[in-house]
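The values are calculated or read from the model by the stated rules, or taken from the named source; none is laboratory data. Bear in mind the structure is a predicted one, so any value in this text is a computation, not a measurement. Counting neighbours? That spans all protein chains shown, and the Cβs are built from the backbone with ideal geometry, glycine included. Heads up: the accessible areas ignore ligands, DNA and RNA and are worked out on the full protein's heavy atoms, side chains in. Shrake-Rupley method; radii C 1.70, N 1.55, O 1.52, S 1.80 Å.
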Amino acid sequence: MSFLQRINPAWFLAGAAFFLPIKPAPVNLLLVLTLVFVLINPQTRNRLAGLFKHPITVAAYALVAWLVFTLSFDTSNFDSASDYLSKYLRLLLLPILAAVFLTKQDGTTVFDAFCVGVFVSVLGSYAVALGFFPWPEGSESPLLFKLHITHNFFIALATGYVAYRLQSVWSQTHLAIKALVLLALGLALYNFFFMVEGRSGWVAMAVLPVVIAYQRIGLKGSIIAAFAVLLILLAMYFGSDFFNTRVNAVFTEVQQWIDGQAIAQETSNGRRLSFWLHSIEAFVQAPWFGYGMGGFEAAVTPHAHASGFTFAFNNPHNQYLLFAVQGGVVALALYVVFVAMVLLRNNSRHLLLLHGFVLAYVLLNLLNSFHYDFAEGVFFVLGLAALAYRTEES
């Protein structure tokens, strides 16, 4: 083989994973290089035919095909759809990125690189807090790279992965490496709980131990884990002013919205509730097929204006409602089939990691549109490609 044919595409994908918590431009470039070298490398290229026929790929492509078809609806608008199209088309990368993972080591390399990128973002947050970089305008948190939702969600995923890795290699790990990893985890968790606002990340962190306990012990174990998590959260609620304030804000802002106070339009949770309400109102008027990928904003705006809600939005911060308004029950059903295909893949060598990863997205998609957001959407595809498809050596 030539030199180019021997280059492992996993190296470029690891670079993309590293930059995901940091900046998008290198991610796009490295993804392109990954695709090029998947086609150049004979081993990865030869895997593509089988991966395109994989049940997970078929389910993902069916969802994308339906969403693209909805562009033909009279209620859709292609200019408006362009904002969503590239985001949903990322799912087409699944079999191509899955071809990258020839060996167990390829997956380890990519996820390790992601964790290093997350830690760099954590160090950036400390640097802002210490005054080395300016505090981001309009933010209550010291952030250097991403918004608080992405920052904390990625910390939750990275710490879950590190814990998973450590339990299998702890006895073989050098003492100095153990100390460095534990220090990095300590810094990340302190930043996660006490420095950066990010309730979505806290929810993701809470669900991971429950998933692990269910896989290892069963229903009884998951109940015990859920109770333990609840006790920890209560301790943090009463012991941390930062945590207490963020949680109390939810109750205050929800009550303001229920009471119809004008301030609700200016609060995070008040706006989110309005987004959900008006998306549901639009959905019930076209429940089966929706308004098309480019019809979301036009569908919800009349309902928003009728209630006096003047904040324009094209993202309800709920992936299920976004699919429902765009593609109706058909889109929701296809997404459920897609997720089911992933969760039913019992031959994954990392079943525990796969279930925790997917369920974190399934749960957080109730509070955000993670297939619309760049970093979260790309990492979903990358994570599934690594965990849901079997490697060549499996």
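With the structure loaded, tell me whether Y320 is at pLDDT 95 or above and buried (at least 21 other Cβ atoms within 10 Å of the Cβ) or whether it fails that test.
Working: at pLDDT 95 or above: yes; buried (at least 21 other Cβ atoms within 10 Å of the Cβ): no.
Answer is no for this residue.
Restricting to region 288-303, name every residue that is open to solvent by 50 Å² or more (accessible area, probe 1.4 Å) and assigned to a helix (DSSP H, G or I).
First, pick out the residues of region 288-303 that are open to solvent by 50 Å² or more (accessible area, probe 1.4 Å): 288-289, 297-298, 302.
Selection gives E297, A298, P302.
Across region 40-52, which residue is farthest from V329 (Cα to Cα) among those that are open to solvent by 40 Å² or more (accessible area, probe 1.4 Å) and touching a Pro at 6+ places or on another chain (Cβ under 9 Å)? I'd like the intermediate steps shown before the answer.
Going through region 40-52, the residues open to solvent by 40 Å² or more (accessible area, probe 1.4 Å) turn out to be 40, 43, 45-46, 49-50, 52.
After this cut, where a residue has to be touching a Pro at 6+ places or on another chain (Cβ under 9 Å) as well, the list is 40, 50, 52.
Values: I40: 40, G50: 30, F52: 26 Å.
Checked region 40-52; the qualifying residue farthest from V329 (Cα to Cα) is I40.
Exactly one of these conditions fails for L351: (1) under 30 Å from E281 (Cα atoms); (2) surrounded by fewer than 17 Cβ atoms within 10 Å (Cβ to Cβ); (3) touching a residue at least 40 places away in the same chain (Cβ under 8 Å). Give me its number.
Looking at each condition in turn, L351 falls short on (1).
What are the residue pairs meeting all of these: first residue in region 257-268, first residue over 18 Å from A312 (Cβ atoms) and part of a helix (DSSP H, G or I), second residue aromatic (F, W, Y) and open to solvent by 80 Å² or more (accessible area, probe 1.4 Å), Cβ atoms under 6 Å, and 6 or more apart or on different chains?
Listed by first residue and then by second, the contacts come to nothing, as the list is empty.
Can you tell me which residue among L63, L93 is in contact (Cβ under 8 Å) with a residue 60 or more places away in the chain, part of a helix (DSSP H, G or I) and open to solvent by 20 Å² or more (accessible area, probe 1.4 Å)? Before you say what the answer is, go through the steps one by one.
Working: L63 fails: open to solvent by 20 Å² or more (accessible area, probe 1.4 Å).
Result: L93 is the single residue among L63, L93 that is in contact (Cβ under 8 Å) with a residue 60 or more places away in the chain, part of a helix (DSSP H, G or I) and open to solvent by 20 Å² or more (accessible area, probe 1.4 Å).
Among the residues of region 304-317 satisfying the criterion of being over 29 Å from the mean Cα position of the chain (by Cα) and farther than 15 Å from A262 by Cβ, which is least open to solvent (accessible area, probe 1.4 Å)?
The residue in question is A306.
Starting from residues that are open to solvent by less than 40 Å² (accessible area, probe 1.4 Å) and over 14 Å from S307 (Cα atoms), keep the ones in region 263-277 and report whichever is farthest from the chain's Cα centre (by Cα).
Residue satisfying both the conditions and the ranking: T267.
Which condition does N152 not pass, out of (1) in a helix (DSSP H, G or I); (2) open to solvent by 50 Å² or more (accessible area, probe 1.4 Å), if it passes all the others?
(2)
Residues to consider are D74, D83, D112, D106; find the one that is open to solvent by 20 Å² or more (accessible area, probe 1.4 Å), farther than 21 Å from S369 by Cβ, part of a helix (DSSP H, G or I) and modelled with pLDDT under 95. Talk me through it step by step, then tell me what you get.
Details: D74 fails: part of a helix (DSSP H, G or I); D83 fails: farther than 21 Å from S369 by Cβ; D106 fails: open to solvent by 20 Å² or more (accessible area, probe 1.4 Å).
Selected residue: D112, the only one of D74, D83, D112, D106 that is open to solvent by 20 Å² or more (accessible area, probe 1.4 Å), farther than 21 Å from S369 by Cβ, part of a helix (DSSP H, G or I) and modelled with pLDDT under 95.
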